[in-house]
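Everything on this sheet refers to the single structure shown next.
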Amino acid sequence: MISLVLLGLCSARVNIRNTAQTMELQDSGMLSRDQLLYLFDRFDSLISQPEVKTRIADAVNDKQEPVAVTTTIQEEIFMEMGVDPQFGLSCLGKVSLAYEDDRDLIIQFYGFVAKEEIACEEAELGPERFAERTEMLRRLEAEQLEMLKNMRNFQLDDQSAILEKVTSIKMDRFKLLIHQQMENAGFEPDTSLLSVEQIQDIVGRRVTPVFQPI
């Protein structure tokens, strides 16, 4: 039996496409900076609304991909803007290249992508587990800041070695660690990304000579 959520999602997609065929919509060129900023702001406003959160959560509960809902929401925004939804979505894949020199826009674009991912994760995890994950990440960020403060006690070349060690931690491995910690409820709030002892160990292995004034 086809679920009501799936029917609703399919119906929304069909309505968008049918409307697009009867309207004069932008379907060439590239989205302007103002258009992109409108999209980012409008999307952020919509996904923060309780009814939209419920809409995404209902899709997850119905075994649908949450990104299908967020994509439909983006298509609806494009329709508001007078932009062909498929064209608009294709433009999003070109933002990094088309606006590579606009640092502020690129930062906002990555924020837009991150907010979509967070909305999907919140729907998949549920309010309680998502709150736990958010708090865990907040603590990790605080610990990373503390680690960076500890780095100030070392020479510049040692700081570079420490940063190389940190950046060697791949994102997928980091996500796996978070997932395992959540599943096992084994998160230790005082376990930093790199402890003071680990930093000292890295520096010790380098055997950096202490600066001696002539």
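The values are calculated or read from the model by the stated rules, or taken from the named source; none is laboratory data. Computed from a prediction, not measured in an experiment: that's the story for all the values here. As a convention, Cβ positions derive from the backbone with ideal geometry for all residues, glycine included, and neighbour counts pool all protein chains shown.
Observations
- Residue count for segment 25-57, restricted to those that are over 23 Å from Gly93 (Cβ atoms) and either among the β-branched types (Val, Ile, Thr) or in contact (Cβ under 8 Å) with a residue 40 or more places away in the chain (or both): 4
- Qualifying position, being touching a helix residue (DSSP H, G or I) at 6+ places or on another chain (Cβ under 7 Å), modelled with pLDDT of 95 or more, assigned to a helix (DSSP H, G or I) and in the same structural domain as Met81 (by TED's automatic domain parsing), among Leu31, Leu39: Leu39
- The residue of segment 111-145 that is farthest from Val95 (Cα to Cα), among those that are modelled with pLDDT under 80 and either more than 23 Å from the chain's Cα centre (by Cα) or buried (at least 16 other Cβ atoms within 10 Å of the Cβ) (or both), is Glu143.
- Put simply, of Thr134, Thr70 the only residue that is in a helix (DSSP H, G or I) and in contact with a helix residue (DSSP H, G or I) (Cβ under 7 Å, 6 or more places away or on another chain) is Thr70.
- Taken over segment 84-105, the criterion of being part of a loop (DSSP other than H, G, I, E, B), loosely packed, with under 14 Cβ neighbours inside 10 Å and more than 17 Å from the chain's Cα centre (by Cα) is satisfied by Lys94, Glu100, Asp101.
- Some residue of segment 112-128 being without any contact (Cβ under 8 Å) to a residue 24 or more places away in the chain, touching an Asp or Glu at 6+ places or on another chain (Cβ under 8 Å) and among the hydrophobic types (A, V, I, L, M, F, W, C): no
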